[in-house]
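One structure is given below, encoded as structure tokens.
The values are calculated or read from the model by the stated rules, or taken from the named source; none is laboratory data. Model, not experiment: these values are computed from the prediction. Heads up, the Cβs are rebuilt from the backbone with ideal geometry, glycines too, and the neighbour counts pull from every protein chain shown. Heavy atoms of the whole protein, side chains included, go into the accessibility calculation; ligands, DNA and RNA do not. Shrake-Rupley method; radii C 1.70, N 1.55, O 1.52, S 1.80 Å.
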Amino acid sequence: MSKLIVTPVGKAVYPHLQNPDTRFNDNGLYQCRLHVDEADFNEFSAQVKEIYDKDYKVECAKKGTKVPFATSSHPLRVTDEGNFEIYAKQDALKQTKTKGLLQFRVAACNATGAKIQMPPVGSGSKLKMAVEPHTWNVTSQGGFGITLRLRSVQIIDLKEFSVSQNDTPFTSVDGYDGGEAFTNELTNDETPQVSKEANDDAFSF
């Protein structure tokens, strides 16, 4: 089992944390691209590379040959615009051979570390991600690769995703500032739970 590691603070880019993105995946995909500074990126990359290199050696030993590297994109990259990007994702629903249909959510904490209900996190929000590096060897993907499974986020500075007033039938209610969903701590009964089956081998990437 890969260990859970925490990213540095960065700015979220097109995050889908409260609701999964269903544009290209009918089952939904929670995801977030995080832009961090270069020094933090290099330090985090070293942690991921250590896990990647160790698992790659194990995979090569198991196959008895040098395993090719995957051709799919890597979760750590420098964008064309020069941003240092960390990408993590998590399927909302996943059909597995042994456990059936599994459902997942991304948990959230505020800046103090208290668990909260996930707010509508928008681009520009400052946050950390808790991710589980998961290595895999899939022929259709070109070979050996790594994915960062998104488990939870800590929201440092929230920039809420907003919809046009024309997209909602509701108007402002006097006496309320709309921040309760973000500031209120969860009770134990409300705490988001990640399925214990999240490490099922069939849930590869």
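Restrict the check to the stretch 59-72 and report whether at least one residue is of a type in the set (Phe, Trp, Tyr) and in contact with a Lys or Arg (Cβ under 6 Å, 6 or more places away or on another chain). Explain how you work it out, then say what you get.
Filtering the stretch 59-72 down to residues of a type in the set (Phe, Trp, Tyr) leaves 69.
Those left that are additionally in contact with a Lys or Arg (Cβ under 6 Å, 6 or more places away or on another chain): none.
The answer is no, given that none of the residues of the stretch 59-72 is of a type in the set (Phe, Trp, Tyr) and in contact with a Lys or Arg (Cβ under 6 Å, 6 or more places away or on another chain).
Please determine whether any residue of the stretch 119-127 is polar (S, T, N, Q) and more than 17 Å from Cys32 (Cβ to Cβ). Outline the logic, then answer.
First pass over the stretch 119-127, keeping only residues polar (S, T, N, Q): 123, 125.
Still in the running and more than 17 Å from Cys32 (Cβ to Cβ): none.
Checked against the condition, which is being polar (S, T, N, Q) and more than 17 Å from Cys32 (Cβ to Cβ), the stretch 119-127 yields no hits at all.
Check off (1) surrounded by 11 or more Cβ atoms within 10 Å (Cβ to Cβ); (2) over 24 Å from Ser152 (Cβ atoms) for Glu81 and give me the number that stays unchecked.
All conditions pass for Glu81, except number (1).
Picking from Lys3, Lys115, which residue would you name as being in contact with a Leu (Cβ under 6 Å, 6 or more places away or on another chain), open to solvent by 80 Å² or more (accessible area, probe 1.4 Å) and basic (Lys, Arg)? If you could, list the steps in order and put the result at the bottom.
On the way: Lys3 fails: in contact with a Leu (Cβ under 6 Å, 6 or more places away or on another chain).
Within the list Lys3, Lys115, the selection yields Lys115.
Given the conditions (1) of a type outside the set (Phe, Trp, Tyr); (2) under 30 Å from Lys66 (Cα atoms); (3) surrounded by fewer than 20 Cβ atoms within 10 Å (Cβ to Cβ), and given that Thr147 satisfies all but one, which numbered condition is not satisfied?
Against the list (1) of a type outside the set (Phe, Trp, Tyr); (2) under 30 Å from Lys66 (Cα atoms); (3) surrounded by fewer than 20 Cβ atoms within 10 Å (Cβ to Cβ), Thr147 comes up short only on (3).
Restricting attention to the stretch 15-47, and to residues there that are over 12 Å from the mean Cα position of the chain (by Cα) and hydroxyl-bearing (Ser, Thr, Tyr), which single residue is modelled with the highest pLDDT?
Filtering the stretch 15-47 for residues that are over 12 Å from the mean Cα position of the chain (by Cα) and hydroxyl-bearing (Ser, Thr, Tyr), the one modelled with the highest pLDDT comes out as Ser45.
Here's a check for you: in the stretch 84-100, which residue that is of a type in the set (D, E, K, R) and in a loop (DSSP other than H, G, I, E, B) is most open to solvent (accessible area, probe 1.4 Å)? Talk me through it step by step, then tell me what you get.
Of the stretch 84-100, the ones of a type in the set (D, E, K, R) are 85, 89, 91, 94, 97, 99.
Restricting the remaining residues to those that are in a loop (DSSP other than H, G, I, E, B) gives 97, 99.
On the way: Lys97: 196, Lys99: 106 Å².
Selected residue: Lys97.
Being among the charged types (D, E, K, R) and assigned to a strand (DSSP E or B) is the filter here, so list the residues in the stretch 101-155 that pass it.
Initial filter on the stretch 101-155 (among the charged types (D, E, K, R)): 105, 115, 126, 128, 132, 149, 151.
Answer for the stretch 101-155, where residues must be among the charged types (D, E, K, R) and assigned to a strand (DSSP E or B): Lys115, Lys126, Lys128, Glu132, Arg149, Arg151.
Whether any residue in the stretch 95-106 is of a type in the set (Gly, Ala, Ser) and either modelled with pLDDT of 95 or more or within 25 Å of Ile156 (Cβ to Cβ) (or both) is what I want to check.
The answer is no, given that none of the residues of the stretch 95-106 is of a type in the set (Gly, Ala, Ser) and either modelled with pLDDT of 95 or more or within 25 Å of Ile156 (Cβ to Cβ) (or both).
How many of the residues in the stretch 10-69 are among the charged types (D, E, K, R), outside any helix (DSSP H, G or I) and open to solvent by 30 Å² or more (accessible area, probe 1.4 Å)?
Of the residues in the stretch 10-69, 6 are among the charged types (D, E, K, R), outside any helix (DSSP H, G or I) and open to solvent by 30 Å² or more (accessible area, probe 1.4 Å).
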